[in-house]
Each structure stands twice: as structure tokens, then as C-alpha cells.
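What follows is a set of notes on a single structure, which appears directly below.
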Amino acid sequence: MVRYVFNSWRRRNDLLLVRRQFYPHQHTDDDGDVPDDDDARQLAVGRVSMWMTRQHCPHLVESTALLTAALLTDEADDSRRLSSSVSSSVSTSASVAYAVRATYAAAFSRFVTGLLDGHQDKLRKQSMYTIAATIGLPSAFVELRHQSTHEQLPSRAKLRVMAERALVWIWHYYWKHLDASDQDDGGDDECRAAVLDFLRAADDGDDAELEVKRRAAMLRRWDRDRVLETISRLQSALLGNQAYLKCLSLSRHVMEQPGPGPEADPPRRTDPDGGVVVEADCFALDAKADDDDDDDDTPTGWSLLVGPWKPMPIGVKLAARRAARRAMHIQSIPMWVGSSNNYAYLVVDDKSKDAVIIDPANPPEVTPVLKKAIDDGSIKLKAIVNTHHHWDHAGGNKKLLAELDAVPNLDVVGGKDCEAVTKTPAHGETWKLGDISVKSVHTPCHTQDSICYLMEDQTGRAVFTGDTLFVGGCGKFFEGSAAEMHEALNKRLASLPDDTVVYPGHEYTASNAKFAMSVQPSEADPEIQKVTGTTEPVAVLEKLRDMKNKFK
């Protein structure tokens, strides 16, 4: 499942620039000088103020801006008083000084309260001192917040010193941990954009491989190491199996490409003003033009057509027609008699007729379907696939092999403890079933050999989850823990693309829905936390599983 992270800034480089402006003394120029900081800090405060109107601005970024704004106001008042005449109004100075103290107090109170409330346990209210000790916030900050809110405002000198201490603490707690290597490199923008264009493009049937080669050739304008590094960054940053596989394919073709040669685009560099300077060898270009003039006999246009012309209506894409002829077919086989409300699944690649049968636990209900399809010539059965070793999923393997003895070289794919297993795929291992790509996703918990299978082709993708994930629920923790199920559900399976269709191993929908309604009659998360008595995700999952085990 894709998880979107919203930020107030357009690029990560904007956040790093604000960090540099807020903390100029933490960054030095190449000559070792510290850049001018007052104007930079003022710009940073203005930028964060704009971010706050967009929402999703981190609390510590806002707190840095508020504390910095208070310091800048204080410094500006000091400068004004030093430059003003002796006869300036005493009452005006006093009112300004009080306003500065109030600005400090408001900024500091918002900083401490917002930070500690974000770590508060909604079920077991903790004191601010306890939470501060947990996250390493000095207790003096909590005391100053209390004094500013409930007592007489602290002195201006004390507030100034504490604001400076708070900015130092925020630097060590938040700002310095931002990875500067993640900032956008202006020089890599075009290279990154070219790779992203390829990743966003839809696969065009049989022309997909040609498109990868064409894109790899286009990327020759940049240094190979730079291109591979860009692909690697995107591969680790983007979610979804499809993007990962396309990055792997593009990397392979980039490695196969020769280094930049006469056919590559001319080298690129930027001038001091940011413009692009193109340098080219005019003699090489003239020679290439002369060579082009000598190729008059090269066939062009309609002469390149091989075979008879096949008219096609305007607007009908060839890839769509190919996809309509070649699709992944999934047939569910309910097994209500021999095993506890299970499903077996027959997956067939339409073009090659290659097929696998998933979890055929009760052969009397599965064998007739398979024999009919084999006799009709509609499938070529290649393997029995098991999601885990339990009898109601893998217990029919030997009997099915005996009944299908006419099918040669029939593999049994599954965990190491599955009945008659011949192949155990590693986590993340992929293989082909005709044009269908199959990827194994290990999800140990229900059993330690539990494996989900992600299958996809041009028409869609599906995942077969066995007893790991059901409609409205998950499997029991027979051989694992809540932490393992949390990893399986909320990280491995949740990272699959949004359009992935789930095919579970049992029909428990009604029971799971009834239990869910008893725990969560509405969508408010605090209700689940109240029922389970905890807020930590793994602990909530473990408690819910235990409650479901006892639910009748």
C-alpha cells in the first residue's frame, strides 16, 4: 500500500536551506567564514511562516522559527534603544520590553507544550516532567513553561538565555540529523527526471524491452556512475514492486551500454549564471552529416514494412489488443467439504497455458477441475504451490501428485516443511509462469514457513496470502509473534501497489466482520486503543489477536 508523506516544502533542499539560515554558525563557507546571519534568519522565519499556512509543518521547525523571531525582535529593540535619543519615551520602552517578554513566553510555551503533548499517552496521562525526561528535554524548559503560563513573566534576560538554549537543543534533537546527502542536486535534476519518465511510462506490451534499451541509450549523455546512482536512489525511495523491477531492468541495460562515444549527446556544463553550455565537435558533426548523405539507399518509410498491412482503427493501441489476448486468469476452487472453508486457486497464463494450483488441500474437490482443464488442453500444469505447511493447505500434495501421475515433472513449491516440497523460494525471489511474474514474499508468523505469492502481468496483479491475511483479519500466531505479524502485514504486504487484489486462504469474512464490529463500531482509533489498553501498534495487534482467539 502506498503511503503518502505530505510536507510543507516543495523540495527537501528547501528544508536544508532553512536549516542553514537558522543556524549559520553550524555552516561555514569554503574560506572558513561564517555567513551573515541576521538577514538569513529573517528569511528563514518568513519561509516557515509561509509553510505554516500549508499545514504539515513539523512542530520543531515551527518552534525554531518562533524562538528565532523572538530573538530577532529582542535584538531589533536593543538596536533601536541604542540608536535612539536620551529623551525617548520611558513608557514606550517599557511597553516594548513587556511585549518582547510576552513574545518569548508564547514561543517557549508553544515549543514545550506542543513537543511534550506529541509524546503523551492518551490512556495513561503522564506529567510533563516524566515525558521530558524520556525524550531528553531539560527540566528547566518545563519549569520556564510553567512559570510563563501560570506565574509572573520571567525576566527578559532569562527568557533570552533560555531561548538560545532551546535553539541549541532543537539543533541536536532534530536539525543536525537531517541527511544533507538527500538534498536535491540541481545538476542531477534532468538525469533524475529522465529516469522518472521511464518509470512512470506504462509498459507497452512486447515493446517494453525496446523502450528500456532506448531509455538506457538516452541516458548516455550523463556519466554512467551518475546514472546508476540516480537509479539506485529512486529504487530505494520508491514503493512498489513494479518500480523496483523497472529500476533493475534499466540498471542492467545501462551497464550493457558502451561509454559515451561519438553518438552520445555533447557534454554538458553550466555557466556561472546557471545556463547550460553545450560544447560540440563541429568537425565530427560535419563528418556525421556527410555520412548521412551517403546513406541514400537505406530503406525508409513504407519500404520497412514486413508482411501484409493490417489496418487498425485510430485510437486503438496495439498494446491494449495484445493485453486483451493475453491475460492472467484466476479460478477459485472452494473446498467446503474436505477442509475448513478453504480456497484453492488455479492461476493460468492465457498465452502459454502454463498454470499452477495453489493450496489444493482436498484433492477430491480439486482433481476433477484440473483433469478437465488438462484434457481440454486449456492448461499446462507446472507446479503445486503452497502458502505454508498446515494440513488444510499442503496436506493433499502427495495424493494430488498420485492422481495426476500423467503430468510430468510437476514441482511442489512452498516452505521447507510442506508435504512433498521440491522447491523453496527465497524471500523476494522471482520467477516466470509464462508472461506472469511471480515473486515470493516471506511472512513468517502463522507458521515460520508462510509465503505469500505476488503475481502480475500487463493486466493486473494479485497476491495469494494463505493464512497470513484474510478479508477483515489475519491468521493466528501459531509459530510467531505479534511483532512478526506486524512486519508481515504493515510493512511487507502493505508495501505492495494499491491495485493489488488479495486472494486469502479461508472464507472467514463474516466472522471477522462480526468481531471487528464488536471492537470498533466506528472509525475512531481511540476506541480500539481503549479496548486493548495500549497504543503501541505491535501491542495492539497482539491484544486484538488474543481477543479474537477467545471470541465466540
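Just so it is clear, none of the values below were taken in a lab; they were calculated from the coordinates. Note that the structure is predicted; figures quoted are calculated from it, not measured. Here the Cβ positions follow ideal geometry from the backbone for every residue, glycine too, while neighbour counts run over all protein chains shown.
Annotations
- Segment ILE135-GLU479, extension gain: residue separation times 0.36 nm, minus the distance between their alpha carbons: 120.3 nm
- Label positions at PHE551 and GLU75, each projected 7 Å from the Cα along the C-beta direction, are separated by 5.9 nm.
- Label-to-label distance, nm, for residues given as LYS353 and ASP14 (7 Å Cα→Cβ offset): 5.8
- Separation between Cα centres of the stretch 453-502 and the stretch 346-422, rounded to whole Å: 22
- Pairwise label distance in nanometres, HIS427 with TRP391, each label 7 Å out on the Cα-Cβ vector: 3.0
- Residue order, fewest to most beta carbons within 10 Å, for TRP171, TRP431: TRP431, TRP171
- Using the Cβ-Cβ distance between ILE330 and LEU245 with R0 set to 25 Å, the FRET efficiency from 1/(1 + (r/R0)^6) comes to roughly 0.75.
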